Amino acid sequence: MASVCFYFQVHQPLRLRHYTIFDKNDQYFDDYKNASICRKVANKCYLPANRLLLDIIRRYEGRFKIAYSITGILLEQFLSYSPEVMSTFDALAETGCVEFLAETYYHSLSFLYSRDEFVEQVNKHIETIEYLFGQKPRVFRNTELIYNNDLAALVESMGNFDAIMTEGADHILGFRSPNFVYQPKGCDKLKLLLKNYSLSDDIAFRFSNRDWSQWPLTAEKFARWITDVNGNGNVVNLFMDYETFGEHQWKDTGIFNFMRHLPEHILKHPDNDFKTPSEIVLSYEPVDTVDVPHLISWADTERDLSAWLGNAMQSNAIHELYRLEKKVKKAGDKKIITDWRKLQISDHFYYMCTKYFADGDVHKYFNPYDSPYDSYINFMNVLNNLHNRCSRQAPLDANDVPGKALTGKNCLTGQATGAAFCDLSQNKNPPDLQTVN
Amino acid sequence: MLGWEFPPFISGGLGTACYGLTRAMDQLGVKVTFVLPTMVDNRYATHVKLLTPSSQSRQAGVAFSKLNKLKNVTFRTISSPLQPYSTPDVYQRQFEEALRQKQKMHGGNINLTSQSIGGIDYSGDMYAEVHRYAAIVAELAENEQFDVIHAHDWMTYPAGIVVAAMSGKPLIVHIHSTEFDRSGENVNQMIYDVEREGMHRADKIIAVSYFTHNIIINRYGISGEKIEVVHNGAEHNGNWSLPESNISKDEKIVLFLGRITMQKGPEYFLGAAKKVLEVMDNVKFVMAGSGNLMSKAVEMAAELGIGHKVLFTGFLHGEDVQKIYRMADLYVMPSVSEPFGIAPLEALHNDVPVIISKQSGVSEVLKHALKVDFWDINEIANKIIAVLKYPPLKITLQNHGNFEARRLRWKDSAEKCLKIYEETLEETLVAV
């Protein structure tokens, strides 16, 4: 049996506006740029891809299934800038053939720096997904598939999850194949789904590469590679950015047509089917445990964290950011907390990457800055302002009744997510303004 | 090779570039005859001791040890007050100054208006001097063996044209800067004409950057096919023997190093300094260099109320340059129009991070530098503060920048020039 499990990562960051040391206000984000990029990508990718997949799902009446992980920060942008995308996701959710996964609401690296913050963000995401799509995520994927044994243990202890996903990196698997269900080392219940990076990247990266020996990739050919897995694997996990459709691979490369015809060719073979991650968990038992003591990710050839934390600027920026956690939470101002969390979006650190900078490559894609240095300066200026806001806020709280600080904290754990509901239910107002209320 | 300045007779980047290129060619085993004017009194732009050429000095070798290392290079000097960054006014003043000195020396009454004083036979204007230089070079060239004429910047173009016409050898003009860089829109028509003629008569043009390449096309009406871009390199004069100076400083130092002229944008440096000082206090701004806007810059600093925070060192040379780099935390080059800009590379060689204007050739080759529009003093100030305030930024810029600058070597520039020589020679052969 070869079960194909598609999972698409759907994310757009909030880009900062040009913010100099002389700026004093708390408007950190470039609303215009974020809106126009969101709409552009919606038109090129999200809308046509959603319509196509909806079409396929309806045509195959339950035999074609997919999964999404949509970041909270992008859901907010959809509501503000292109609500039509929300309604197509809604329609997809209603088919019953689409599973939504959980991740950190802010697409953050919080697992590495603050476990409390991590848990809060995951819970916020779960509740948002449940509110919007009526299903409670049972499978977790961390930002950029960053993973190690500790993460698996933490996720298992949260109690909500059946499985976790990560990269099927060669150095963690050794001779083993990613086409089975595994168990993370140290976990009893939680299952581990591993990305088949070779087959995933054939679509996500190599599809339009004319230097590739397999170009052009047809649905028929790809279906044959899937069928070949029969006999030495149960699942083929195809994990990729959703922007593969229409953005990374432009429409004229034929990517949409490829997808349109893929189910037909895969389902031709009676041993193949499509399953959502949760169905995979139900269908297959772990064949082995996988030990990942060191952090891995799905990025670059290194499969490590160097794209986010590879240089002194990156680690400085992120350390300074998380050093503010206590101060931010003590200040008890919702807008400050939200701004602080939006600064955790991993893309801010990705822009500061100097690796390959001189060569100019994929790291440039979607990068709003001319250089990593500009992005670091901008980020630090914003952080500097946020820091000052906390300091201004803090003495006020101290003068207040101690209980006030407590309610602030409660807001974070329980009610902050409740607030998100309000944000999202009042579709007409941009969430940015909502969070102020 | 025809030039007009060469170390130690330098007042700016041209001499450095000529030295770097010639030295690299020397190491590649190319025979170079370098003809350059030597000034009678050089103190205008440099503090170098003047080398007074005797009447036979045309054949005199240059007695500096640095130059003796160049085995394949012969120097021919021509006594002339030509200076690379002169304007006719300056020239006029210098010329009169020279006359006054002569007067003093001779103690006699020498008619200032005379065209022929003390055996020096040059007329009082720079244009005539350029042509006189051309005539002497032409004479000199008759006794020299060479394949290609390589002329550096406009003063040598007439000479290059004459020699090319006489010898039938191809002329290559090397554009280190144009009149538009030096003077903005207020171009000196005569200089422009000389530049334009040189470019049109040349068989090939070498531009120091794409920035300059575009100026040549847009302003001088030259076809792009005739122009090749050869970026400059940088010398690593990591003078390890220099004693580790124990400069203990509680103040940060931001450095401007270059001629203080309109082209280099000193007013933007000061404008940014003012903004920085509004936010930070423990910073000093050092302006190293001289130029016609020097006194204006001093006045401007005073007007902005930051006079006590801005230091003017005057023109620095040799070891002093190294010292100032060693003290600096940051180098800023806010040039209005910079064909290349070697100084930022030198700064990086000395582990000083740089902010450079986008209107410069060097920004084409440097990725690990902060880049600004020269007029955007807000952004210049923003970046200065960032470097001073966030140490990881400084460290990253230093490490990557130094590595990047080391990869820009004169050897590569020289090799490119040689390739252009060969191609040009082939083309002219075919044409004949």
Subject >> So B:R182, is it closer than 28 Å to B:A343 by Cβ, out of contact with any strand residue (DSSP E or B) (no Cβ under 7 Å at 6 or more places or on another chain) and at pLDDT 80 or above >> reply: yes
Subject >> Hey, A:I73 at pLDDT 95 or above, within 30 Å of B:K389 (Cβ to Cβ) and either in the same structural domain as A:R341 (by TED's automatic domain parsing) or β-branched (V, I, T) (or both) or not >> reply: yes
**OP:** Considering every residue within segment B:336-345, establish whether at least one is within 14 Å of another protein chain (Cβ to nearest Cβ), in contact with a strand residue (DSSP E or B) (Cβ under 8 Å, 6 or more places away or on another chain), crowded, with 21+ Cβ neighbours inside 10 Å and not small (G, A, S).
**Re:** no
**OP:** Within segment A:90-109, identify whether any single residue is among the aliphatic types (A, V, I, L, M), over 30 Å from A:D271 (Cα atoms) and at pLDDT 95 or above, and answer yes or no.
**Re:** yes
Original post:
Given B:L21, B:L36, B:L51, which one is buried (at least 18 other Cβ atoms within 10 Å of the Cβ), at pLDDT below 80 and closer than 18 Å to B:A151 by Cβ?
Top reply: B:L36
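This table checks each residue for (1) closer than 24 Å to A:L305 by Cα; (2) part of a loop (DSSP other than H, G, I, E, B).
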{"position": "A:D116", "(1), (2)": "yes, no"}
{"position": "A:E120", "(1), (2)": "yes, no"}
{"position": "A:T128", "(1), (2)": "no, no"}
{"position": "A:E144", "(1), (2)": "yes, no"}
{"position": "A:L154", "(1), (2)": "yes, no"}
{"position": "A:S157", "(1), (2)": "no, no"}
{"position": "A:L194", "(1), (2)": "yes, no"}
{"position": "A:P216", "(1), (2)": "no, yes"}
{"position": "A:E220", "(1), (2)": "no, no"}
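For residues in segment A:367-380 being of a type outside the set (S, T, Y) and touching a strand residue (DSSP E or B) at 6+ places or on another chain (Cβ under 9 Å), which is farthest from the other protein chains (Cβ to nearest Cβ)?
Residues of segment A:367-380 of a type outside the set (S, T, Y): A:367-368, A:370, A:372, A:374, A:377-380.
Restricting the remaining residues to those that are touching a strand residue (DSSP E or B) at 6+ places or on another chain (Cβ under 9 Å) gives A:368, A:370, A:374, A:377-379.
Values: A:P368: 15, A:D370: 7, A:D374: 8, A:I377: 4, A:N378: 9, A:F379: 10 Å.
Of everything passing the filter in segment A:367-380, A:P368 is farthest from the other protein chains (Cβ to nearest Cβ).
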Subject >> Pick from segment A:323-343, criterion touching a Cys at 6+ places or on another chain (Cβ under 8 Å) and β-branched (V, I, T), ranking: nearest to the other protein chains (Cβ to nearest Cβ) >> reply: A:V328
Subject >> Unmet requirement for A:A42, which otherwise passes all of (1) away from chain B (no Cβ under 14 Å); (2) within 24 Å of A:Q121 (Cβ to Cβ) >> reply: (2)
Original post:
Tell me, which strands (runs of 3 or more DSSP E) lie completely within segment B:308-404 with 3 or more residues that are over 26 Å from A:E320 (Cβ atoms) and outside the structural domain of B:A17 (by TED's automatic domain parsing)?
Top reply: B:310-314
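Per-residue answers, yes or no, for (1) within 22 Å of the chain's Cα centre (by Cα); (2) more than 17 Å from A:T244 (Cβ to Cβ); (3) in a strand (DSSP E or B); (4) not acidic (D, E):
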residue	(1), (2), (3), (4)
A:S3	no, yes, yes, yes
A:F8	yes, no, yes, yes
A:K24	no, yes, no, yes
A:Q27	no, yes, no, yes
A:N34	yes, yes, no, yes
A:V41	yes, no, no, yes
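Given the structure, is B:I355 of a type in the set (A, V, I, L, M), modelled with pLDDT of 95 or more and within 23 Å of B:W410 (Cα to Cα)? Talk me through it step by step, then tell me what you get.
Details: of a type in the set (A, V, I, L, M): yes; modelled with pLDDT of 95 or more: yes; within 23 Å of B:W410 (Cα to Cα): yes.
Here the answer is yes, as B:I355 does meet what is asked.
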**OP:** Restrict the check to segment A:309-322 and report whether at least one residue is within 21 Å of A:L383 (Cα to Cα), more than 14 Å from chain B (Cβ to nearest Cβ) and at pLDDT 95 or above.
**Re:** yes
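The values are calculated or read from the model by the stated rules, or taken from the named source; none is laboratory data. Not measured: the values here are computed from a predicted model. No Cβ is skipped: glycine too gets one built from the backbone with ideal geometry, and neighbour counts run over all protein chains shown.
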